[in-house]
Amino acid sequence: MKLVDLHVHTTESDGTFTPEQAVAYAAKKGLAAIAVCDHDSALGHTEALAAGEKYGVEVIPGIEISTKFKSAVHILGYYIDAQEPNMKAAFDWMVADRDGRNEKICEIMRRDGIKADYAEMKERFGTVVGRPHFARILVEQGYAVSIADAFNRYVNRGCKYYLPRSFLSLEDSVKLIVGAGGTAVLAHPFQYKLDDAGLRELIEVCISYGLSGMECRYTGYSEERSAYLEALAEEYGLVKTGGSDFHGANKPLIDMGSGSGGLCVPYEFLEGLKKANAEQRHMA
Ligand code: AMP
Ligand code: FE
Ligand code: FE
Ligand code: ZN
């Protein structure tokens, strides 16, 4: 069976594989396709698409946007045109907001004697810098033994070096993606700790903004729970997608394609996604 992974992060956000390395790794794993879905960034698309040609892996240009709806909600966008003016402006805004927060985190860290120079971090980690990068420098300087340990003790919400950033609204995020020719998909629905009624409410609201899909298979989701999501997707006429949320060494327990073991996303899911995107563009 041809398998895919529709949720992969690279060094263009908080993954540790460059776009090319991610694609090469997908080829090594025998995956037919991967979607590069960096947080708040489409900067990996060009490199990933070129690598896709080179390694014979189909590459889908995607993004992941963090939004707020009661709790945090993540929306994936597939086949977006990153040059679309509103989308471009949103990327700039998200990066500027991160930069402002991150500068402040650096300041607080420096007060505690940690070496945290934001200009250096940008140079090293790229445009989209996030908490996993702060976790990394804490590990490097001996303040934590692993990324997970650094999150638990220093950068998770409520910890010493946590500062919030701003989020686009759920409505704006879905509409931005659709406006840029992309197909909007609700990411990892169990992460929001909603009951059935809560999840249905979220799905219905998202659909009213233009959502067309839901990530039904995801790292750590049992077959039973995925089946529940797939039934919901069918009920609401949503396309089913799936992915690992691979971040390389920043989430060492998650592997591309297979997640924590047992993840299996068939190529048919990608076919459904493509069809939805083509229909959507045709209607626009
Ligand atoms: P930020 O958007 O900069 O606030 O950072 C949030 C990112 O940190 C998320 O997108 C996750 O990928 C990552 N993250 C959250 N918790 C953990 C954790 N325990 N270990 C590794 N990465 C995490
Ligand atoms: Fe991440
Ligand atoms: Fe996410
Ligand atoms: Zn993700």
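Of a type in the set (Lys, Arg) and either part of a loop (DSSP other than H, G, I, E, B) or surrounded by 17 or more Cβ atoms within 10 Å (Cβ to Cβ) (or both): which single residue out of Arg98, Arg110 fits that description? Give the steps one after another, and end with the answer.
On the way: Arg110 fails: either part of a loop (DSSP other than H, G, I, E, B) or surrounded by 17 or more Cβ atoms within 10 Å (Cβ to Cβ) (or both).
Being of a type in the set (Lys, Arg) and either part of a loop (DSSP other than H, G, I, E, B) or surrounded by 17 or more Cβ atoms within 10 Å (Cβ to Cβ) (or both) holds for just one of Arg98, Arg110, which is Arg98.
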Any hit, segment 208-219, residues being touching a His at 6+ places or on another chain (Cβ under 7 Å), outside any loop (DSSP other than H, G, I, E, B) and closer than 27 Å to Leu263 by Cβ: yes
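Considering Glu234, Glu223, Glu204, Glu171, which residue is within 19 Å of Lys274 (Cα to Cα) and not polar (S, T, N, Q)?
Numbers: Glu223 fails: within 19 Å of Lys274 (Cα to Cα); Glu204 fails: within 19 Å of Lys274 (Cα to Cα); Glu171 fails: within 19 Å of Lys274 (Cα to Cα).
When all the criteria are applied, what remains is Glu234.
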Where a residue in segment 248-264 is farther than 17 Å from Arg217 by Cα and of a type in the set (D, E, K, R) and its partner, wherever it lies, is open to solvent by 40 Å² or more (accessible area, probe 1.4 Å) and more than 16 Å from ligand 3 (Cβ to nearest atom), with Cβ under 9 Å and at least six apart: Lys251/Ala148
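What are the residues in segment 220-264 that are open to solvent by less than 20 Å² (accessible area, probe 1.4 Å) and within 16 Å of ligand 1 (Cβ to nearest atom), if any?
Gly243, Ser244, Asp245, Phe246, His247, Gly248, Asn250, Met256, Gly259
For the condition polar (S, T, N, Q), in contact with a Leu (Cβ under 8 Å, 6 or more places away or on another chain), more than 16 Å from ligand 2 (Cβ to nearest atom) and on the phi < 0 side of the Ramachandran plot, what is the one hit in Thr241, Thr219?
On the way: Thr219 fails: more than 16 Å from ligand 2 (Cβ to nearest atom).
So the residue among Thr241, Thr219 that is polar (S, T, N, Q), in contact with a Leu (Cβ under 8 Å, 6 or more places away or on another chain), more than 16 Å from ligand 2 (Cβ to nearest atom) and on the phi < 0 side of the Ramachandran plot is Thr241.
Going by what's in this entry, would Lys104 be described as in a strand (DSSP E or B), within 16 Å of ligand 1 (Cβ to nearest atom), closer than 30 Å to Leu138 by Cβ and open to solvent by 20 Å² or more (accessible area, probe 1.4 Å)?
Working: in a strand (DSSP E or B): no; within 16 Å of ligand 1 (Cβ to nearest atom): yes; closer than 30 Å to Leu138 by Cβ: yes; open to solvent by 20 Å² or more (accessible area, probe 1.4 Å): yes.
Judged against the criteria, Lys104 is not a match.
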Close pairs from segment 1-30: first more than 16 Å from ligand 4 (Cβ to nearest atom), partner open to solvent by 40 Å² or more (accessible area, probe 1.4 Å), Cβ under 6 Å, at least 6 apart: Thr18/Thr11; Glu20/Glu47; Val23/Tyr55; Ala24/Tyr55; Ala27/Tyr55
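The values are calculated or read from the model by the stated rules, or taken from the named source; none is laboratory data. Keep in mind it's a predicted model, so treat the numbers as computed, not measured. Here the Cβ is made from the backbone with ideal geometry for all residues, glycine too, and neighbour counts use every protein chain on show. Just the protein is used for accessible areas: all its heavy atoms, side chains included, with ligands, DNA and RNA removed. Shrake-Rupley method; radii C 1.70, N 1.55, O 1.52, S 1.80 Å.
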